[in-house]
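Reviewing the structure listed below.
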Amino acid sequence: MTASPGLGGSVVIVGAGQGGMQAAMSVRQDGHTGPITLIGAEEGLPYQRPPLSKAYLKDGVAEKLNLRPESFFEKKEITLRSGTWVKAIDREAQMVSLGEEEVPYDHLILATGTRNLVPPIAGVNHTIGLRTLEDARALRAALEEPTRVAVIGGGFIGLEFAAVACSLGHDVAVAEAAPRLMARVVSPEMSELFRRKHGEIGTKLHLGNGVTEVTEKGIVLADGTKIPADLVILAAGVCPNVELAEAAGLATANGIVVDETLRTADPRIFAMGDCCAFPDPHSGAMVRLESVQAATDHARCIARTITTGEAQRYSAVPWFWSDQADWKLQIAGLAGPDDTCIPVGDHTVLRFSALGLTAVETINDAKTHMKARKLLAQDVVPSRDFLEQRNYDLTAL
């Protein structure tokens with residue numbers, strides 16, 4: 001399915017996060033001459049979210065987070081509508097409603113992102129999330145004095161925050177319902193390495209023992225253990241913002257459903273980033289990636305489709321990272337839960353399916369990470385036998 005070139009049509013982007021911002025920049029950079037409107041629910045300039053759980057908690061300098069200065073939007077003739085909610089999409093009229101105002105579009109990009117998942121835990125309203133700059137400001141203020149902190153969730157965000165809080169001298173406990181850390185995204189071997197690391201820096205870990213209640217005094221675990229805390233952080237995952245798309249009659253299933261070109265069933269509407277479910281180019285399985293890099297790659301792919309009029313297939317190798325204490329975890333590729341794990345050295349794990357290499361997890365090893373991304377971008381990925389004969393040394397290939 002193709003659309004006419006978007007050199008002069010109107011492009012509207014709903015969601016002014018890093019992915020939405022990249023979409024606006026790429027559409028203009030690729031030659032689009034028509035109006036571009038970027039609509040964001042939060043007030044202010046588009047900003048980076050990853051540093052909220054790390055650098056910002058230490059330095060508190062919000063200006064460093066801005067993706068571009070205000071002058072950029074005037075120079076590139078991009079209309080930024082911050083602090084604005086899109087109420088509805090009229091697909092027939094090709095309009096988005098802002099309430100009393102309607103904005104027309106020839107191409108609509110949904111970059112609505114995700115929101116914090118709120119599990120059915122008694123007293124969960126006593127927690128603080130870490131999703132927005134406003135959340136990070138509140139947390140930074142709460143950490144000005146020595147504090148007992150409990151974190152619900154042992155994923156990237158929870159562990160990044162825990163590492164920073166420990167480095168600032170706070171008493172930190174992490175409660176994770178799963179039996180291991182980051183269970184959804186890394187191998188058991190990598191989980192174990194980070195369990196040891198967090199133990200070394202002083203994080204108290206409670207694994208396989210979910211939180212059943214949050215009180216004014218702390219949290220209560222499934223086995224009845226009570227953990228005292230002055231501050232409770234909710235980092236139990238996210239859910240995609242699909243309500244706007246659903247109300248417009250677009251298909252959703254753990255995200256806004258799109259095809260291999262990131263287009264919905266409506267040829268004028270695309271979805272990208274954390275909010276969309278798309279077919280993995282290697283396995284064909286529908287996936288949803290919570291990754292800044294995936295969002296920016298999605299944006300560039302959609303921009304090329306709009307500006308050339310030729311449907312572009314999304315085929316970028318996904319990659320992820322997480323900074324915890326002095327360790328940088330980097331993951332190239334996308335492994336399945338049943339993929340074989342092969343530890344290599346002290347800080348590398350290779351993942352394999354029957355088709356070959358699917359992912360490579362490294363700690364503080366940018367060289368191996370970059371080589372893995374190049375190998376995974378090939379039409380035919382290396383087999384386990386091929387790599388075994390070469391002692392699994394990717395950098396030697």
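With every protein chain in place and a 1.4 angstrom probe, the accessible-area ranking of Trp321, Trp327, largest first, reads Trp321, Trp327.
The heavy atoms of Val292 present about 40 square angstrom of accessible area, all protein chains included, probe 1.4 Å. Within the chain, what is the longest stretch that has no GluC sites (Glu not before Pro) placed in a DSSP loop and near at most 12 other beta-carbon atoms within 10 Å? With GluC sites (Glu not before Pro) excluded where exposed in loops, the chain gives 217-309 as its longest stretch. Rounded to the nearest 20 debye, the dipole magnitude of the stretch 181-238 is 100 debye, with +1 charges on Lys and Arg beta carbons, -1 on Asp and Glu beta carbons, and the Cα centre as origin. Over the stretch 1-77, the pair-distance histogram of Cα-Cα distances with 5 Å bins from zero comes to 3, 14, 22, 22, 15, 10, 7, 4, 2, 1 percent, rounded to whole numbers. Computed from point charges on the beta carbon alone (+1 for Lys and Arg, -1 for Asp and Glu), the dipole magnitude for the stretch 47-157 about its Cα centre is near 620 Debye.
Note on the stretch 96-196: Cα Rg divided by 2.2 N^0.38 Å, N the number of residues, gives 1.44. For the stretch 126-243, the solvent-accessible area with a 1.4 angstrom probe is 44 square angstrom per residue.
Averaging the sequence gap over all C-alpha pairs within less than 8 Å and six or more residues apart, then dividing by the number of residues, gives the chain a relative contact order of 16 percent. In whole Å, how far is the Cα centre of the stretch 219-247 from that of the stretch 129-155? Taking the Cα centre of each part, the stretch 219-247 and the stretch 129-155 sit 13 Å apart. Dipole orientation for the chain: of the candidates Gly218, Ile39, Ala163, Ala163 has the Cα lying most toward the positive pole (charges on Cβ; Lys, Arg +1; Asp, Glu -1).
Using a simple charge model, +1 on the beta-carbon of Lys and Arg, -1 on the beta-carbon of Asp and Glu, nothing else, what dipole does the chain show about its Cα centre, in debye to the nearest 20?
Taking the Cα centre of the chain as origin, the dipole is about 640 debye.
Using only C-alpha positions, report the orientation-averaged shadow area of the convex hull of the stretch 328-397, nm², one decimal. Before the final figure, lay out each step's value.
On the way: hull surface 17.0 nm².
For the stretch 328-397, the mean projected area of the Cα convex hull comes to 4.2 nm².
The 1.4 Å probe gives accessible areas that order His198, His347, His282, largest first, as His282, His347, His198. Note on Asp59 and Asp30: the model spin-label points, each 7 Å out from Cα along the C-beta direction, lie 3.3 nm apart. Using only the Cα atoms of the stretch 46-145, build the gyration tensor, take square roots of its eigenvalues as a ≥ b ≥ c, and label the shape rounded, prolate or oblate: rounded if a/c is under 1.5, else prolate if a/b is larger than b/c, else oblate. It is oblate, given that a/c is not under 1.5 and a/b is not larger than b/c. With r defined as the distance between the Cβ atoms of Ala138 and Glu77 and R0 fixed at 41 Å, what FRET efficiency is calculated, to the nearest 0.05? The value I calculate is 0.70.
Kirkwood hydrodynamic radius, the chain, all distinct C-alpha pairs: what's the number in Å? Value: 22.3 Å, from the Cα pair sum. From the alpha carbon centroid of the stretch 54-110 to that of the stretch 259-291 is 21 Å. Protein heavy-atom surface of the chain, 1.4 angstrom probe: 49% of the accessible area is carbon and sulfur, with nucleic acids and ligands not counted.
Adding -39500 (n - 2.57) for every DSSP H run of four residues or longer, then dividing by how many residues the chain holds, sets the calculated 222 nm ellipticity at -7000 deg cm²/dmol.
In this structure, Lys204 and Arg390 have a Cβ-Cβ separation that, at R0 = 41 Å, corresponds to a calculated FRET efficiency of about 0.50. I want to make sure I understand the PRE zone here: with the label point 7 angstrom from the Cα of Thr215 toward its beta carbon, which residues in the stretch 122-151 have backbone N atoms less than 20 Å away? The answer is 122-128, 148-151, whose backbone nitrogens lie closer than 20 Å to the label point.
Evaluated on the stretch 186-270, the Kirkwood hydrodynamic radius is 17.0 Å, with distances taken between all distinct Cα atoms. Measure up Lys64/Lys328; Lys64/Lys367; Lys54/Lys87; Lys54/Lys367; Lys75/Lys328 against 31 Å on the Cα-Cα distance and list the ones that go over. Long pairs (Cα-Cα over 31 Å): Lys54/Lys87; Lys75/Lys328.
Of the residues Leu143, Leu168, ranked by 1.4 Å probe accessible area with the largest first, the sequence reads Leu168, Leu143.
Of the trypsin sites (Lys or Arg not before Pro) in the stretch 275-360, the ones in a loop by DSSP (not H, G, I, E or B) with at most 13 other beta carbons within 10 Å are Arg313.
The values are calculated or read from the model by the stated rules, or taken from the named source; none is laboratory data. Computed from a predicted model, the values in this text were never measured in an experiment. Note that we place each Cβ from the backbone using ideal geometry, even for glycine, and neighbour counts take in every protein chain shown. Only protein heavy atoms, including side chains, enter the accessible area calculation; ligands, DNA and RNA are left aside. Shrake-Rupley method; radii C 1.70, N 1.55, O 1.52, S 1.80 Å.
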